[in-house]
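Below: the structure, in structure tokens.
The values are calculated or read from the model by the stated rules, or taken from the named source; none is laboratory data. Since this is a predicted model, take the numbers as computed values, not measurements. Ideal geometry is used to build each Cβ from the backbone, glycine not excepted, and the neighbour counts take in all protein chains shown.
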């Protein structure tokens with residue numbers, strides 16, 4: 001069953017509008033209102049869907065059509081992504097990602113379960129939430145609690161690459177939703193720092209560069 005309803009989600013970074021800053025695959029996906037291709041909804045950060053199947057006249061008649069349990073009993077933040085017939089759902093620690101086929105009774109097409117040391121849990125602030133995944137060019141990007149950034153094949157869930165840019169033993173953890181800008185991926189890593197990586201090579205693990213924090217900013221960032 002396919003519903004023309006999309007949830008709003010928490011995002012990380014508000015960025016300039018328009019295709020000049022957009023990843024082409026994401027920009028095209030956001031044109032289709034049946035998709036929810038990024039946490040912000042679009043590059044203007046509107047978080048608004050123009051779908052009108054639900055409106056002020058029928059909202060009082062809403063009822064549950066189907067539900068899906070992630071099996072993780074902690075706070076959930078961020079929105080699922082919808083790309084075509086696929087919905088990508090993420091969880092708090094241990095940051096599982098599910099791919100559901102909306103045209104086939106929400107069948108689980110794949111499930112990605114990271115291997116993370118549970119010692120990261122007491123280091124995290126404000127529960128073990130994750131603010132969402134990012135899609136681009138057939139890839140799902142996940143930033144894990146242990147500061148590992150992972151690229152997953154959107155069709156199979158297989159790892160393409162992963163890179164680590166923090167250390168939970170130093171109090172560094174990750175909860176942010178990555179943002180794709182052209183072929184650069186940006187994320188908060190960890191607060192109050194930011195990081196970026198060139199992801200133009202889909203199967204090559206990139207080098208993450210620190211941005212914005214005095215004493216930690218790379219003098220020659222890769223992006």
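The strands (runs of 3 or more DSSP E) falling completely within segment 64-146 that include 1 or more residues that are at pLDDT 95 or above and over 11 Å from the mean Cα position of the chain (by Cα) map to 81-83, 86-90, 97-101, 107-112. Residues in segment 30-63 that are more than 16 Å from residue 132 (Cβ to Cβ) and outside any loop (DSSP other than H, G, I, E, B): 31, 59, 60, 61. Only one entry in 183, 153 is closer than 24 Å to residue 28 by Cα, surrounded by fewer than 20 Cβ atoms within 10 Å (Cβ to Cβ), at pLDDT below 95 and in contact with a strand residue (DSSP E or B) (Cβ under 9 Å, 6 or more places away or on another chain), namely 183.
Would you check if there is a residue in segment 8-21 being modelled with pLDDT under 95, within 14 Å of the chain's Cα centre (by Cα) and closer than 24 Å to residue 107 by Cβ? Within segment 8-21 (the criterion being modelled with pLDDT under 95, within 14 Å of the chain's Cα centre (by Cα) and closer than 24 Å to residue 107 by Cβ), the answer is yes, since at least one residue qualifies. If the condition is being modelled with pLDDT of 65 or more and surrounded by 16 or more Cβ atoms within 10 Å (Cβ to Cβ), then segment 189-204 contributes 189, 193, 194, 195, 196, 197, 198, 199.
The set of residues in segment 157-175 being farther than 14 Å from residue 187 by Cα, within 18 Å of the chain's Cα centre (by Cα) and in a loop (DSSP other than H, G, I, E, B) consists of 157, 158. For residue 212, the test of being on the phi > 0 side of the Ramachandran plot, modelled with pLDDT under 95, in contact with a strand residue (DSSP E or B) (Cβ under 8 Å, 6 or more places away or on another chain) and surrounded by fewer than 23 Cβ atoms within 10 Å (Cβ to Cβ) is passed.
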